[in-house]
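The values are calculated or read from the model by the stated rules, or taken from the named source; none is laboratory data. Because the structure is a prediction, the values reported are computed rather than measured. Cβ coordinates were reconstructed from backbone atoms using ideal geometry, including for glycine residues, and neighbour counts include every protein chain displayed.
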Amino acid sequence: MVKTENKTIRLFTSSEEEIIEKLVKEDHAFRKLKRIIDFEKLISPYRKLYSDTGAEGIDVIKGFKSLLIQFWEDYSDREMEKVLEENVAVKWFCGFELLEKTPDHSYFGKLRKRLGTENIADIFNNVNQDLRDKGLFGDVFKFIDASSIVTKTALWEERDKAIANGEEKLNNKNVENYAADSDARWGAKSKHNIWFGYKRHHNVDMRFGLIDKLAVTPANVPDPKALENIITKNTMIFMDKIYDQKKAYQTLKANNCHSGIIKKVNNKTKNKDLDKWKSKIRMPFEGNFSKLRKRAKFRSQVKVLFQCFSEAICHNLKKAVNILPMEKCGA
């Protein structure tokens, strides 16, 4: 529609909704995604986060779909603003009409804050339940590992401030007093693999490589310490040799899980042939981590956890779009 001083002139004979529907290809991934997930059922409970009084804002379902696309494509807030303005398929998927005003970049940060990490975790679990109902989780064999999330690559200014304040050096004991992200810490997988930030801990189902559970810790937290937060009961769990320690075996036993841990070379019970088989079985699922973002988009452990849940939702839904035939995607 075009509004003049005295009247409104329609440019199209069809409705805007019909036009934008026709502009999106029949085989577009977003069409399949809309069939896989009932977004009204998934997101409508979060309308309670908004007041019923005052001016009507953007519906939370449109907002969540916009956030989903943002993490799906790894857009910044400003990039997401532009994409919603210009990309017809994104506009259609998110529920905006062809000529409808879309939100500016400031909206997305406000929505993330309002939604919060606890709610995005619930959404992640509900999406997984939908995919589990569609047969995408085997819940027999799991793969657990951790990967790095870098917050900042160099902290020279922070080091200089620490030394100026009388510190001998900048380390994990005092870095929270100087770094912009006070939750982040240094972690190391080897002498040459050191980073400042966090660890992403994933429990991956080994039927199709979907992420079942996840946690985020500062980078200096040992991997086995996070195991109890992401373990699944009554499964066989494959893990690297870093988990070959008493605490990990105790956690497995407490959850009635069978160990698929690759044992350390100095472990007297190590079976090289068995461990070689374990390595071969888990190898295809190690690639999950390489495809996920390695940099933190936000500061603080809570916000990075929000990032990781959002990325995990996208990871699982991308898998579902590629795996499920159209007839199993729902209405």
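Before we move on, is GLY116 assigned to a helix (DSSP H, G or I), modelled with pLDDT of 90 or more, under 30 Å from ASP133 (Cβ atoms) and of a type outside the set (A, V, I, L, M, F, W, C)? If you could, list the steps in order and put the result at the bottom.
Numbers: assigned to a helix (DSSP H, G or I): yes; modelled with pLDDT of 90 or more: yes; under 30 Å from ASP133 (Cβ atoms): yes; of a type outside the set (A, V, I, L, M, F, W, C): yes.
Considered against the rule, which asks whether it is assigned to a helix (DSSP H, G or I), modelled with pLDDT of 90 or more, under 30 Å from ASP133 (Cβ atoms) and of a type outside the set (A, V, I, L, M, F, W, C), GLY116 comes out as yes.
Do you know which residues across segment 251-261 are closer than 18 Å to ALA226 by Cβ and either in contact with a Lys or Arg (Cβ under 8 Å, 6 or more places away or on another chain) or surrounded by fewer than 13 Cβ atoms within 10 Å (Cβ to Cβ) (or both)? First the steps, then the outcome.
Taking segment 251-261 first, the residues closer than 18 Å to ALA226 by Cβ are 251-255, 257, 259-261.
Within segment 251-261, LYS253, ALA254, ASN255, CYS257, GLY260, ILE261 qualify.
Take the residues in segment 97-146 that are of a type in the set (S, T, N, Q) and either farther than 30 Å from ASN256 by Cα or in contact with a helix residue (DSSP H, G or I) (Cβ under 8 Å, 6 or more places away or on another chain) (or both); name whichever of them is surrounded by the fewest Cβ atoms within 10 Å (Cβ to Cβ). If you could, list the steps in order and put the result at the bottom.
Here is the first cut: in segment 97-146, the residues of a type in the set (S, T, N, Q) are 102, 106, 117, 119, 125-126, 128-129.
With either farther than 30 Å from ASN256 by Cα or in contact with a helix residue (DSSP H, G or I) (Cβ under 8 Å, 6 or more places away or on another chain) (or both) added as a condition, the list becomes 102, 106, 117, 119, 126, 128.
Working: THR102: 20, SER106: 11, THR117: 20, ASN119: 17, ASN126: 16, ASN128: 20.
Ranking the candidates gives SER106 first.
Show the residue pairs meeting these rules: Cβ distance below 9 Å; 6+ apart or different chains; first residue within segment 272-297 and without any contact (Cβ under 8 Å) to a residue 40 or more places away in the chain; second residue of a type in the set (Ser, Thr, Tyr) and surrounded by 15 or more Cβ atoms within 10 Å (Cβ to Cβ).
Listed by first residue and then by second, the contacts come to SER290/SER147.
Name the residue, out of ILE149, ILE120, ILE194, ILE144, that is free of Cβ contacts under 8 Å to residues at least 40 places away in the same chain and not assigned by TED's automatic domain parsing to the domain that holds TYR75.
Numbers: ILE149 fails: free of Cβ contacts under 8 Å to residues at least 40 places away in the same chain; ILE120 fails: free of Cβ contacts under 8 Å to residues at least 40 places away in the same chain; ILE144 fails: free of Cβ contacts under 8 Å to residues at least 40 places away in the same chain.
That would be ILE194, the only listed residue that is free of Cβ contacts under 8 Å to residues at least 40 places away in the same chain and not assigned by TED's automatic domain parsing to the domain that holds TYR75.
Picking from ILE237, ILE242, which residue would you name as being touching a residue at least 60 places away in the same chain (Cβ under 8 Å) and over 23 Å from GLU158 (Cα atoms)?
Numbers: ILE242 fails: touching a residue at least 60 places away in the same chain (Cβ under 8 Å).
Answer to the selection: ILE237.
For segment 145-185, which positions are within 30 Å of ARG282 (Cα to Cα) and charged (D, E, K, R)?
Once the filter is applied, which keeps residues that are within 30 Å of ARG282 (Cα to Cα) and charged (D, E, K, R), segment 145-185 yields ASP145, ARG185.
Residues that are assigned by TED's automatic domain parsing to the domain that holds LYS22, surrounded by fewer than 18 Cβ atoms within 10 Å (Cβ to Cβ) and in contact with a helix residue (DSSP H, G or I) (Cβ under 6 Å, 6 or more places away or on another chain): does segment 85-92 have at least one?
If we filter segment 85-92 for residues that are assigned by TED's automatic domain parsing to the domain that holds LYS22, which is where we start, we get 85-92.
Subset that is surrounded by fewer than 18 Cβ atoms within 10 Å (Cβ to Cβ): 85-89.
With in contact with a helix residue (DSSP H, G or I) (Cβ under 6 Å, 6 or more places away or on another chain) added as a condition, the list becomes 88-89.
Yes; the residues of segment 85-92 include at least one that is assigned by TED's automatic domain parsing to the domain that holds LYS22, surrounded by fewer than 18 Cβ atoms within 10 Å (Cβ to Cβ) and in contact with a helix residue (DSSP H, G or I) (Cβ under 6 Å, 6 or more places away or on another chain).
Please report, ordered by residue number, the helices (runs of 4 or more DSSP H) entirely within segment 36-101 with at least 2 residues that are over 17 Å from PHE124 (Cα atoms) and touching a residue at least 24 places away in the same chain (Cβ under 8 Å). Outline the logic, then answer.
Numbers: elements: 39-43, 60-73, 77-86, 88-94.
Hits in segment 36-101: 77-86, 88-94.
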